[in-house]
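Contents: one structure, followed by commentary.
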Amino acid sequence: MISRKRSIQIVIAIVLLATIGSIAYNIYLSFERAGKIAVTLVTAPTDATTTFTNTATKKVTKGNSGTVYIEPGVYDISVEKKDFSSYKKTQDIAKNNTIIAELSPRTKEAADWVDKHRDQYTKLETFAGKKSLEYNKSVTDKYPLIGILPLKDPYYSIGHYKKENGEPVVVITTESPQYRYAATRRITSMGYKLSDYRIEYKDFQNPLKEKK
């Protein structure tokens with residue numbers, strides 16, 4: 001029969017081995033992930049396969065819903081599962097390290113599967129909504145004008161859209177140089193600096209250009 005002292009020694013040895021193993025594993029992970037970006041991957045279905053192909057090096061990395069560590073760069077991203085629609089996008093993960101992909105069923109069997117796993121889609125929608133709120137807040141904190149758009153007038157409108165890199169663009173829509181000026185004056189009169197924003201003009205007609 002093992003003595004009490006011997007039992008304590010065995011327990012201590014097991015704890016020490018587990019601790020050493022945990023430390024060694026964490027050291028391995030720190031080297032393995034050095035210089036890489038943690039990409040948050042949220043997919044529905046969660047077992048869909050995501051393929052990252054570096055457009056420069058052609059290196060391929062695969063993963064599933066969760067966190068994937070890859071080198072900075074621009075990637076062709078595809079999310080696929082049999083009997084479901086695919087998701088494809090090209091993205092610079094150094095500028096946006098979140099991938100949200102909701103795949104739609106293409107067969108009756110896939111639709112039945114979705115009905116039984118609706119929670120996966122609910123979690124994705126909740127996460128997407130949270131990220132959208134976070135993004136909107138970060139944009140309006142940095143670009144407060146975006147928070148009050150769109151603005152409409154009988155002769156012009158001021159709206160915005162988001163570029164691929166996440167940068168907001170203010171869009172002034174009017175054909176008239178007079179109302180283009182009026183729109184920009186409206187922005188500055190509210191205390192916003194035009195130099196803080198990328199501004200595009202839509203439907204603007206240059207009066208010096210000959211009409212065909």
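Derivation of every value follows stated rules applied to the coordinates shown; laboratory data play no part. Just so it is clear, the structure is predicted and the values come from calculations on it, not from any experiment. Reconstructed Cβ throughout: ideal geometry from the backbone, glycine too, with neighbour counts over all protein chains shown.
Taking the longest Cα principal axis of the chain as reference, the axis of helix 118-142 is set at about 50 degrees. Kindly state, to the nearest 0.05, the FRET efficiency for ILE23 paired with ASN64, given R0 = 35 Å and r defined as their beta-carbon distance. After rounding, the FRET efficiency stands at 0.80.
Exposed loop sites here are GluC sites (Glu not before Pro) in DSSP loop states with at most 11 other C-beta atoms within 10 Å. What is the longest stretch of the chain lacking them?
No qualifying site falls inside 1-163, the longest such stretch.
Entry note, the chain: the mean residue ellipticity at 222 nm calculated from DSSP H runs of n ≥ 4, each adding -39500 (n - 2.57), is -12000 deg cm²/dmol after division by the residues and rounding to the nearest 500. Only the Cβ atoms of Lys and Arg (+1) and of Asp and Glu (-1) were treated as charged; on that basis the dipole of segment 22-143 about its Cα centre amounts to roughly 220 debye.
The trypsin sites (Lys or Arg not before Pro) of segment 107-180 meeting both criteria, a DSSP state outside H, G, I, E and B (loop) and at most 10 other C-beta atoms within 10 angstrom of the site's C-beta, are LYS163.
Counting pairs of alpha carbon atoms under 8 Å apart in space and at least six apart in sequence, what relative contact order in percent does the chain give? Contact order relative to length: 12 percent. For LYS131, the lysines whose Cα comes closer than 21 Å to its Cα, not counting residues fewer than 8 places off in the same chain, are LYS88, LYS89, LYS95, LYS123, LYS142, LYS162, LYS163. Expressed as an acute angle from 0 to 90° and rounded to the nearest 10, what is the orientation of the C-alpha long axis of helix 177-189 relative to the principal long axis of the chain? On a 0 to 90 degree scale, this one is about 50. Let me know the shape class of segment 36-141, please: from the alpha-carbon gyration tensor, a ≥ b ≥ c as square roots of the eigenvalues, rounded when a/c is under 1.5, otherwise prolate if a/b is greater than b/c, or oblate. Cα axes put segment 36-141 in the oblate bin. In a simple Cβ point-charge model (Lys, Arg +1; Asp, Glu -1; nothing else charged), the chain has a dipole of about 380 debye relative to its Cα centre.
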